Amino acid sequence: MNVVRKKVVSILIVISVFTGLLISWCLGGFLIAPSQRHSAPLPPKLYGETVHFPSSSGAEITGWFIGGSDANAPVVILMHGVRGCREDMLERAKFLREAGYATMLFDFQAHGDSGGKNITFGYLESRDAQAAVEFVHRIRPKAKIGLIGVSMGAAAALLASPPLKVDSMILESVYPDIIRATEDRIVMRLGPMGAILAPLLTCQLSLRIGISTDQLRPIEGARKVSVPKYFFAGVVDQETTIQEAKEIFSAAAEPKQFWPVEKAGHVNLHTFAKPQYEKRVLEFFEQTLK
């Protein structure tokens, strides 16, 4: 009987391991799958135009350029989060335009109306950020450039190599490294035991998209970016904890500022704390772009 019981236990263990690997492989495929969809037309009152430009990510990038108060107005590039699109940044574009800024909103590769085969959590997206900055320099060569990046958009800004040629950055809810970002999200949904699955997902990066976890460490990019940076972080964010946000802020090169948003999770911080958000953004860009 003991021999039979041991064989049954062994078989169950093998089945469990195989099932876990299969589930993690399917989940990994879902996480990197493109999130492409057509955007609605740009609201006419914003007086913008649809633009297209190539990126070294291999994708043709689609975006909107919205003019400011004059031809030399500072330009703010708005970069959405994972599985989002440029429409997510429209409310930010509206209040910035009212303050006289021009804005550039675009879809990262594998998102929205842009091309691309796989989401890469900031790696290829950093090349799109570089392409967007270069595009703005071409069409507005005299304008100062600021940037707001949300989550993956912020990671893309910090992962860009060489550092982006902008004059200042606002970085919202940015993860320090992909290992902890993955673990945080799984633990949040499955509890402490979910941490066991994290390595099964991160090890797929090299197999699926040819990059290593060392190439997804925005915290290292933060050490190299010397322009003024303003980090926004939700105090109760479970996907990028406040401790991780403070760690990346501490590692970042000067000059820098930090705003812990009370009671906010991994949410749209503009919607969550609109008056304070707009006040801080406009004050920061007034200092760094005007």
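Quick one: is I211 within 18 Å of the chain's Cα centre (by Cα), surrounded by fewer than 20 Cβ atoms within 10 Å (Cβ to Cβ) and within 26 Å of P34 (Cβ to Cβ)?
Yes.
When you go through (1) under 19 Å from the mean Cα position of the chain (by Cα); (2) buried (at least 17 other Cβ atoms within 10 Å of the Cβ); (3) in a loop (DSSP other than H, G, I, E, B); (4) not polar (S, T, N, Q) one by one for L105, which number turns out not to apply?
Evaluating L105 over (1) under 19 Å from the mean Cα position of the chain (by Cα); (2) buried (at least 17 other Cβ atoms within 10 Å of the Cβ); (3) in a loop (DSSP other than H, G, I, E, B); (4) not polar (S, T, N, Q) leaves (3) as the failure.
Determine whether R189 is under 26 Å from D88 (Cα atoms), of a type in the set (D, E, K, R) and at pLDDT below 95.
yes
Can you find a residue in region 120-137 that is surrounded by fewer than 21 Cβ atoms within 10 Å (Cβ to Cβ) and in a loop (DSSP other than H, G, I, E, B)?
no
May I ask you to list the residues in region 127-160 that are in contact with a helix residue (DSSP H, G or I) (Cβ under 7 Å, 6 or more places away or on another chain) and without any contact (Cβ under 8 Å) to a residue 60 or more places away in the chain?
Result: A129, single match.
Has region 171-178 got at least one residue that is assigned to a helix (DSSP H, G or I) and in contact (Cβ under 8 Å) with a residue 24 or more places away in the chain?
yes
Considering only residues that are within 13 Å of F121 (Cβ to Cβ), of a type in the set (S, T, Y) and part of a helix (DSSP H, G or I), which ones fall in region 196-213?
T202, T213
For residues that are surrounded by fewer than 20 Cβ atoms within 10 Å (Cβ to Cβ) and in contact with a helix residue (DSSP H, G or I) (Cβ under 6 Å, 6 or more places away or on another chain), tally how many sit in region 229-238.
Number of matching residues: 2.
Can you confirm whether region 160-169 contains a residue that is within 23 Å of E262 (Cα to Cα) and either out of contact with any Leu (no Cβ under 6 Å at 6 or more places or on another chain) or of a type outside the set (D, E, K, R) (or both)?
Yes, the conditions are met somewhere in region 160-169.
Can you tell me which residue within region 46-77, out of those that are more than 21 Å from the chain's Cα centre (by Cα) and of a type in the set (D, E, K, R), is nearest to A157 (Cα to Cα)?
Across region 46-77, the extreme among qualifying residues is E49.
Which residue pairs have Cβ atoms under 6 Å apart, sit 6 or more places apart or on different chains, and have a first residue in region 85-103 that is of a type in the set (K, R) and modelled with pLDDT of 95 or more and a second that is surrounded by fewer than 24 Cβ atoms within 10 Å (Cβ to Cβ) and assigned to a helix (DSSP H, G or I)?
Once the first residue is of a type in the set (K, R) and modelled with pLDDT of 95 or more and sits in region 85-103, its partners that are surrounded by fewer than 24 Cβ atoms within 10 Å (Cβ to Cβ) and assigned to a helix (DSSP H, G or I) give R92/H270.
So, of the residues in region 138-176 that are farther than 18 Å from V227 by Cα and in contact with a Pro (Cβ under 7 Å, 6 or more places away or on another chain), which turns out to be surrounded by the fewest Cβ atoms within 10 Å (Cβ to Cβ)?
Checked region 138-176; the qualifying residue surrounded by the fewest Cβ atoms within 10 Å (Cβ to Cβ) is P176.
Any chance region 265-283 includes a residue that's aliphatic (A, V, I, L, M), within 25 Å of Q130 (Cβ to Cβ), touching a residue at least 40 places away in the same chain (Cβ under 8 Å) and surrounded by 15 or more Cβ atoms within 10 Å (Cβ to Cβ)?
Yes, some residue in region 265-283 is aliphatic (A, V, I, L, M), within 25 Å of Q130 (Cβ to Cβ), touching a residue at least 40 places away in the same chain (Cβ under 8 Å) and surrounded by 15 or more Cβ atoms within 10 Å (Cβ to Cβ).
Looking at A233, A245, which one is under 24 Å from I77 (Cα atoms), out of contact with any His (no Cβ under 7 Å at 6 or more places or on another chain), modelled with pLDDT of 95 or more and outside any helix (DSSP H, G or I)?
Step by step, each of A233, A245 is checked, and only A233 is under 24 Å from I77 (Cα atoms), out of contact with any His (no Cβ under 7 Å at 6 or more places or on another chain), modelled with pLDDT of 95 or more and outside any helix (DSSP H, G or I).
Only residues that are touching a residue at least 40 places away in the same chain (Cβ under 8 Å) and either touching an Asp or Glu at 6+ places or on another chain (Cβ under 7 Å) or surrounded by 17 or more Cβ atoms within 10 Å (Cβ to Cβ) (or both): list them for region 59-76, please.
Hits for region 59-76 are A59, I61, T62, G63, W64, F65, A73, P74, V75, V76.
The values are calculated or read from the model by the stated rules, or taken from the named source; none is laboratory data. Not measured: the values here are computed from a predicted model. A quick note on method: Cβ atoms are made from the backbone with ideal geometry, for glycine too, and the neighbour counts reach across all protein chains shown.
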